[in-house]
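Trainee: Below you'll find the structure I mean.
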Amino acid sequence: MTFREFFDVYRGYRIPRFKLIEHRNWWFTFSGILIVLSILGITLRGFNYSIDFEGGAQISYPLHTGETVQDVEATLANYGLTGEVQVVSGDSVAIRTESLTGLQDSAKLLNDLASQAGIANTDINVEDIGPTWGSEISKKALRGLIMVLVAITLYIAFRFEWTMAAGAMIALVHDVTITAGVYALTGRVVTPETVIAILTILGFSLYDTVVIYDKVKENTESAALLARMGYTKVVDLSLNQTVMRSVNTSLVVLLPILSLLLFGGETLKNFAFAMFVGVAIGAYSSIFIAAPVLVILKGRQMATRTPQRVPGRPGAPRPRPARVPAADGAEIAVASDAAARSATAKQGGGSRPRTGQKRRPPAKRKRR
């Protein structure tokens, strides 16, 4: 493909001829590798949940002295606490430990940490969340995810057909699994913003899939096109007609997300990371997973239909009796075509002369 042809395809002046459905085994293999790695990451490493899900205390404050991580951990140990301590750039401390709700000497602990860092008590920021609240947040997030998936399935099945709904669901599960696997493998903190990003990803992936399925539905409604090309090639044509629209839409969404990922704050970076991974995977699955899965399901559906029996074969349906007009204008049923011809011959006026029978010449008029 020359640069001019690529430019015409990118601008929508020309429909490409990518063999996307023909090479579906390549896409399935690539997705299978990503899903296996994601499942291994989730199983072996697990998720790094924030205190919003697990409960606990998040303590952060500036550091004006040369205290080390070991010094802060020793101060926590004096009160029977253990946790994760980080000294960021040598001028700030981030502590993640158990909840301070049941600790009687919590005020004294904060005083010791402030004295150790050379700051006032008011400079310490404490975010304390109990384990009950974290468990409730997790249940609500899972419940919301299930409700969204069920609603999406019902909508697509009502708008299109069940094979398209099944293909869209497989693509959505594909997107969520890989996004979760990336979080597990990279060790990034899973926050409520991450859950919001994943729900947003589902909506974007669904939008892209519905655009492709709508084009497939439009093309398959043409009986002439379907008879000439077949279902698989019609789906491939529909993909080529919408692929650049999907790519351009994804790029428009990914560019501002990339700016948030590079220049946003820590909270925005967690949200932008999930969005970036999910939008990229969602655009990929809409083209390379949802449409090929639809072709496979549709092919199996057509193969399981009962074939029409041919007359004359064992078990073939009996031919319908022919109906010929009777003398009084009514119709009578005849068992076969031969019987129909015989019945027609018996009706007056429509019968042919028998072979060998001579016609009588017309009578001559007498001249007066």
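Trainee: How many of the residues making up segment 184-209 are β-branched (Val, Ile, Thr) and out of contact with any helix residue (DSSP H, G or I) (no Cβ under 8 Å at 6 or more places or on another chain)?
Mentor: Looking only at segment 184-209, we keep the residues that are β-branched (Val, Ile, Thr), and these are 186, 189-191, 194-196, 198, 200-201, 209.
Remaining after also requiring out of contact with any helix residue (DSSP H, G or I) (no Cβ under 8 Å at 6 or more places or on another chain): 186.
The qualifying residues number 1.
Trainee: It is to be established whether one or more residues within segment 20-32 are under 30 Å from residue 129 (Cβ atoms), out of contact with any Asp or Glu (no Cβ under 8 Å at 6 or more places or on another chain) and either modelled with pLDDT of 85 or more or open to solvent by less than 60 Å² (accessible area, probe 1.4 Å) (or both). Full working, then the answer.
Mentor: The first filter runs over segment 20-32 and keeps only residues under 30 Å from residue 129 (Cβ atoms), leaving none.
No: zero hits.
Trainee: What are the pairs with Cβ atoms under 6 angstrom where one residue, in segment 170-198, is within 19 Å of residue 150 (Cβ to Cβ) and of a type in the set (Val, Ile, Thr) and the other, located anywhere, is modelled with pLDDT under 90 and assigned to a helix (DSSP H, G or I)? Sequence gap at least six, or different chains.
Mentor: Final answer for the pair search is 195/141.
Trainee: Same structure, new question: For segment 117-130, give me each residue that is farther than 26 Å from residue 54 by Cβ and either open to solvent by less than 60 Å² (accessible area, probe 1.4 Å) or among the β-branched types (Val, Ile, Thr) (or both).
Mentor: Matches in segment 117-130: 118, 119, 120, 122.
Trainee: Further question on the same structure: Only one of these is part of a helix (DSSP H, G or I) and either touching an Asp or Glu at 6+ places or on another chain (Cβ under 6 Å) or surrounded by fewer than 19 Cβ atoms within 10 Å (Cβ to Cβ) (or both): 168, 151. Name it.
Mentor: On the way: 168 fails: either touching an Asp or Glu at 6+ places or on another chain (Cβ under 6 Å) or surrounded by fewer than 19 Cβ atoms within 10 Å (Cβ to Cβ) (or both).
After applying the criteria, what remains is 151.
Trainee: Would a scan of segment 103-111 turn up a residue that is at pLDDT below 85, under 11 Å from residue 55 (Cβ atoms) and either open to solvent by 40 Å² or more (accessible area, probe 1.4 Å) or touching a helix residue (DSSP H, G or I) at 6+ places or on another chain (Cβ under 8 Å) (or both)?
Mentor: No, that holds for no residue.
Trainee: Can I ask one more? Kindly indicate whether residue 41 is of a type outside the set (Val, Ile, Thr), in contact with a Gly (Cβ under 6 Å, 6 or more places away or on another chain) and at pLDDT 85 or above. I'd like the intermediate steps shown before the answer.
Mentor: Values: of a type outside the set (Val, Ile, Thr): yes; in contact with a Gly (Cβ under 6 Å, 6 or more places away or on another chain): yes; at pLDDT 85 or above: yes.
Judged against the criteria, residue 41 is a match.
The values are calculated or read from the model by the stated rules, or taken from the named source; none is laboratory data. Since the model is a prediction, treat every value here as computed from it, not as a measurement. Neighbour counts run over all protein chains shown; Cβ positions are idealised from the backbone, glycine included. Keep in mind that these areas ignore ligands, DNA and RNA; they rest on the heavy atoms of the full protein, side chains included. Shrake-Rupley method; radii C 1.70, N 1.55, O 1.52, S 1.80 Å.
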